[in-house]
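I have placed the structure first, in the form of structure tokens, so that the comments after it can refer back to it.
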Amino acid sequence: MHLTPREKEVLDLLLSGRTNKEIAELMCISTFTVRDHVSTLLRKGRARNRMELSSSRLLPAWVDMTLMEDAMASPRCDAWPAR
């Protein structure tokens, strides 16, 4: 399964327990954009909700736990690539 770099960033934040609003603030994007990314991740992961997406039985190799740890360090908006 292929994830875009932005989907990967959203996934890492989502798996660290962040809300859509928190993800939006950290990434300097709108909550609507976060919602779209989460919907895409759910579809690609064939999950019905965030809990299923984070379930170990559904987490394939594309989840890089080191990125998830970095996401918990509360990055600043200027740390994210410009869009």
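Nothing in this text is a laboratory measurement; each read-out follows from the coordinates by a stated rule. These numbers come from a predicted model, not from an experiment. Don't worry about glycine lacking a Cβ; one is built from the backbone with ideal geometry, like all the others, and counts go over all protein chains shown.
Quick rundown of the values:
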{"read-out": "Neighbour-count ranking [beta-carbon atoms within 10 angstrom, fewest first] of VAL34, VAL10", "value": "VAL34, VAL10"}
{"read-out": "Potential lengthening between LEU42 and CYS28 on full extension [0.36 nm per residue; Cα-Cα distance subtracted]", "value": "2.9 nm"}
{"read-out": "Cα-projected label distance for ARG35 with HIS2, points at 7 Å along beta-carbon direction, nm", "value": "2.8 nm"}
